[in-house]
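Participant: Before I ask anything, let me first share the structure, which is written out below as structure tokens.
The values are calculated or read from the model by the stated rules, or taken from the named source; none is laboratory data. Quick caveat: nothing in here was measured; it's all calculated off a predicted structure. Counting neighbours? That spans all protein chains shown, and the Cβs are built from the backbone with ideal geometry, glycine included.
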2 protein chains.
Amino acid sequence: MDIEFSHRSLGLKASEIRELLKLTQRPEVISFAGGLPAPELFPIEKINLITTKVLNEQGRQALQYSTTEGYNPLREIIVKERMNKSGVKTAIQNILIVNGSQQALDFSAKLFVNKGDIIICESPSYLGALNAFKAYEPTFLEISMDDDGMNMDELEEALKNHNNVKMIYTIPDFQNPSGKTMSVERRKRIAELSSKYKIPVIEDSPYGELIFEGSPYPCIKSFDKDGYVITLGTFSKTFCPGLRLGWICAHEEILKKYILLKQGSDLQSNTLTQMIAAKFMQEYSLDEHIEKIISVYKKRRDIMLDSMEKYFPKEVTFTYPKGGLFTWVNLREDIDSIDVNVQALKQNVAFVPGASFYPNGGNLNHFRLNYSNMNEERILEGIKRLGNVIKQYY
Amino acid sequence: MDIEFSHRSLGLKASEIRELLKLTQRPEVISFAGGLPAPELFPIEKINLITTKVLNEQGRQALQYSTTEGYNPLREIIVKERMNKSGVKTAIQNILIVNGSQQALDFSAKLFVNKGDIIICESPSYLGALNAFKAYEPTFLEISMDDDGMNMDELEEALKNHNNVKMIYTIPDFQNPSGKTMSVERRKRIAELSSKYKIPVIEDSPYGELIFEGSPYPCIKSFDKDGYVITLGTFSKTFCPGLRLGWICAHEEILKKYILLKQGSDLQSNTLTQMIAAKFMQEYSLDEHIEKIISVYKKRRDIMLDSMEKYFPKEVTFTYPKGGLFTWVNLREDIDSIDVNVQALKQNVAFVPGASFYPNGGNLNHFRLNYSNMNEERILEGIKRLGNVIKQYY
């Protein structure tokens, strides 16, 4: 066979995380690699009751085609509960239901980026987003971060100096992979820059509600006066990822375009699971469920960070995330985290090496650790083993 | 707001069908417009039982992230039951689960087509596919059809004369919109041409199993010696469209690329509904369910065609489909079916005007009628009314 593929598909490669996850499915592996929620927290019995109701009461509707925009009661819940809680006043005509926010990432590059255009992102940034964007053949411009998130002066400099920036991608809350959070001041500033330069900000916010201490940060979109900020939300981390439910919240003129992309891409999201999610959130409190998740993840974060303090060499630094799923580890510059991962896997411990979070390469000396998917005992044991592996490099 | 969209998204427009469907949701409208299955045939009770089992027995797995390729038991069922029944010997490493075959259409153009490249399609062709393809800025080359489907000499001529054809798109069984079926001889020939010119054939086969008389036709892929034929299947017409489950069957080298596109686009299809579909097909016979659908749709087709004979002017011609969901009506050349639709809507009858099934325009004097979604009484009444409307033009 000798077949010609499109230019855009030539550069695609498998997500290292998803490939790594296959290796880590052996039960003896202590995996800090994926970004998987804790499945023991899924409200299985309640979902079972709700599903029976949906099928008994609205079975024909639940199994039939429905509108591209999404199931209206679910869109309403997103407006009134999720977006409102993040400080965003919006309406259902600003909400499109998608198959997890990953689909919204794909659509965003499809909607804004021509070949060679610049996408601005944080350095490091979420690997799954970078992979989705790559299909549209962009150039990436990375902006450095400090403890308050993306550096705004550097961002403005980039916007001034390049006339083909087409979108700014940010994960403001407990960023994947760095665990860092953008300050409120910078949220205001990025919204202003977005308006000033007329460049959309894609605000990817899967973790904002999983906050362990302090009060939640307002979305960047809550400071958006002119409609340039597009917020991506998801139920994957606060409810169940297997249901593939996320949303796009955008100015109506922009959302119309996203709806057309959704129509061409797969007509609509799953009718049944949209109805299950909506009914669940009508009959139970998602906020209460999120509280449960937070209390478990907070303990797991604490034990991971405490163990890292105890078992990692003192020279190794890492983020103290105030929420979300990840911490980010910085090794000495000459250490290659891919090599460390190979050594760790021999001890049945896995993580994601940092290099693939940098679209323009380099930065081999970092890695990402997830604490949501392993219980406390395994976290302690895993970090102990990992500490021993790292010590060999120091 | 003044925002710059990508070139590819400037040409997108809403599917006329989905826009029309919104107009036809008033209960008094007799709609022959959509391609909706009959919801009264959905096996709701069985799905309810199956879902309870899946959640009780494998709840954590069903609600968690899973692999991009799809749920293995479902891939196996597709190999052993669906593809095998269509004459295709294949294996699970050749199957990728997608959100209905619409997603496979989007991926196909994404995988093979650069801006300006040629996509060959039947004239007319499925509007939803044309819309999905348009996002990749192709040129369309339409090949005429007769009662045996796409004209193969014209196809070979086109392949000879153009060096930037990147894919051939065909719906061989009870085509949408024309209701026509490609002969076995032509299926062999198109597979040969595909190998000879090294151009992939996208064989879109949503209706092949809904055959009312005679034996089912073998897939084009069953004649594929070198791996150039890619078959798209779906459970939307034989099971439930709301579950959004379709598949791609392709040579492993090609499928790997599709898997990467799926990974970037939305990570994976819905875990829960994949498991529901697999368990349903393990515990019940999908073939028996399809038999039920066929017996109902066959009666509806019969009453539609009989009524058209009776109530349409004799000069009006239309397809006698041997399966599937649609018949295709040809009016006198000077009649604009959009105008006819406006008149028909005043009588509360809807259909889809034919023009949007021709990517290069023209052909206003045709329209598509669906017979799967209305009961016999409404079909009879709707065709009577439509006959009266059409008579005013003759």
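Participant: What do you reckon, is B:Thr231 outside the structural domain of B:Leu193 (by TED's automatic domain parsing) and assigned to a strand (DSSP E or B)?
Facilitator: no
Participant: On to the next question. Would you confirm, using the coordinates I've provided, whether B:Leu74 is assigned by TED's automatic domain parsing to the domain that holds B:Pro138, out of contact with any Lys or Arg (no Cβ under 8 Å at 6 or more places or on another chain), within 17 Å of B:Thr238 (Cβ to Cβ) and not polar (S, T, N, Q)?
Facilitator: On the way: assigned by TED's automatic domain parsing to the domain that holds B:Pro138: yes; out of contact with any Lys or Arg (no Cβ under 8 Å at 6 or more places or on another chain): yes; within 17 Å of B:Thr238 (Cβ to Cβ): yes; not polar (S, T, N, Q): yes.
So B:Leu74 passes the test.
Participant: If you don't mind, another one. Quick test for you: out of A:Lys292, A:Lys299, pick the one residue that is surrounded by 15 or more Cβ atoms within 10 Å (Cβ to Cβ), basic (Lys, Arg) and in a helix (DSSP H, G or I).
Facilitator: Details: A:Lys292 fails: surrounded by 15 or more Cβ atoms within 10 Å (Cβ to Cβ).
Matching residue, one of A:Lys292, A:Lys299: A:Lys299.
Participant: Please specify each residue of segment A:110-132 satisfying the condition of being at the interface with chain B (Cβ under 8 Å from one of its Cβ atoms) and among the hydrophobic types (A, V, I, L, M, F, W, C).
Facilitator: Across segment A:110-132, the qualifying residues are A:Leu111, A:Phe112, A:Val113, A:Ala132.
Participant: Same structure again: Pairs under 6 Å by beta carbon, first residue under 20 Å from A:Gln64 (Cα atoms) in segment B:9-24, partner of a type outside the set (S, T, N, Q) and at pLDDT below 75, six or more apart or different chains?
Facilitator: Close Cβ pairs satisfying both conditions: none exist.
Participant: Answer yes or no: is there a residue in segment B:137-160 that is surrounded by 15 or more Cβ atoms within 10 Å (Cβ to Cβ), within 14 Å of chain A (Cβ to nearest Cβ) and farther than 19 Å from A:Arg8 by Cα.
Facilitator: Yes, because at least one residue in segment B:137-160 is surrounded by 15 or more Cβ atoms within 10 Å (Cβ to Cβ), within 14 Å of chain A (Cβ to nearest Cβ) and farther than 19 Å from A:Arg8 by Cα.
Participant: Tell me the residue from B:Ile44, B:Ile30 that is in contact with an Asp or Glu (Cβ under 8 Å, 6 or more places away or on another chain) and hydrophobic (A, V, I, L, M, F, W, C), please. If you could, list the steps in order and put the result at the bottom.
Facilitator: Working: B:Ile44 fails: in contact with an Asp or Glu (Cβ under 8 Å, 6 or more places away or on another chain).
Within the list B:Ile44, B:Ile30, the selection yields B:Ile30.
Participant: Just one of (1) assigned to a loop (DSSP other than H, G, I, E, B); (2) more than 24 Å from B:Ala91 (Cα to Cα); (3) within 13 Å of another protein chain (Cβ to nearest Cβ) trips up B:Pro206, so point out which.
Facilitator: Status for B:Pro206: all satisfied but (2).
Participant: Now, a different point. With respect to A:Phe107, is the statement that it is within 18 Å of the chain's Cα centre (by Cα), part of a loop (DSSP other than H, G, I, E, B) and of a type in the set (A, V, I, L, M, F, W, C) true?
Facilitator: Details: within 18 Å of the chain's Cα centre (by Cα): yes; part of a loop (DSSP other than H, G, I, E, B): no; of a type in the set (A, V, I, L, M, F, W, C): yes.
Spelling it out, it is not the case that A:Phe107 is within 18 Å of the chain's Cα centre (by Cα), part of a loop (DSSP other than H, G, I, E, B) and of a type in the set (A, V, I, L, M, F, W, C).
Participant: Criterion first (more than 14 Å from chain B (Cβ to nearest Cβ), of a type in the set (Phe, Trp, Tyr) and over 17 Å from the mean Cα position of the chain (by Cα)) does A:Tyr284 satisfy it?
Facilitator: Numbers: more than 14 Å from chain B (Cβ to nearest Cβ): yes; of a type in the set (Phe, Trp, Tyr): yes; over 17 Å from the mean Cα position of the chain (by Cα): yes.
Here the answer is yes, as A:Tyr284 does meet what is asked.
Participant: State the number of residues belonging to segment B:209-224 that are in a helix (DSSP H, G or I), more than 17 Å from B:Thr234 (Cα to Cα) and of a type in the set (A, V, I, L, M, F, W, C). It would help to see each step written out before you state the result.
Facilitator: Filtering segment B:209-224 for residues in a helix (DSSP H, G or I) gives B:220-223.
With more than 17 Å from B:Thr234 (Cα to Cα) added as a condition, the list becomes B:222-223.
Retained after the next criterion (residues that are of a type in the set (A, V, I, L, M, F, W, C)): B:223.
Residues meeting the conditions: 1.
Participant: Looking at segment B:1-94, what helices (runs of 4 or more DSSP H) fall wholly within it and have at least 2 residues that are more than 10 Å from chain A (Cβ to nearest Cβ) and within 20 Å of the chain's Cα centre (by Cα)? First the steps, then the outcome.
Facilitator: On the way: elements: B:7-10, B:16-23, B:44-63, B:72-77.
In segment B:1-94, the matching helices (runs of 4 or more DSSP H) lie at B:16-23.
Participant: Here are some conditions: (1) in contact with a helix residue (DSSP H, G or I) (Cβ under 7 Å, 6 or more places away or on another chain); (2) over 21 Å from A:Lys110 (Cα atoms); (3) touching a residue at least 60 places away in the same chain (Cβ under 8 Å). B:Ala135 meets all but one. Which one does it not meet?
Facilitator: (2)
Participant: Assigned to a strand (DSSP E or B), among the aliphatic types (A, V, I, L, M) and either over 17 Å from A:Tyr207 (Cα atoms) or modelled with pLDDT of 95 or more (or both), is that true of A:Leu369? Step through it out loud before you land on a result.
Facilitator: Details: assigned to a strand (DSSP E or B): yes; among the aliphatic types (A, V, I, L, M): yes; either over 17 Å from A:Tyr207 (Cα atoms) or modelled with pLDDT of 95 or more (or both): yes.
Considered against the rule, which asks whether it is assigned to a strand (DSSP E or B), among the aliphatic types (A, V, I, L, M) and either over 17 Å from A:Tyr207 (Cα atoms) or modelled with pLDDT of 95 or more (or both), A:Leu369 comes out as yes.
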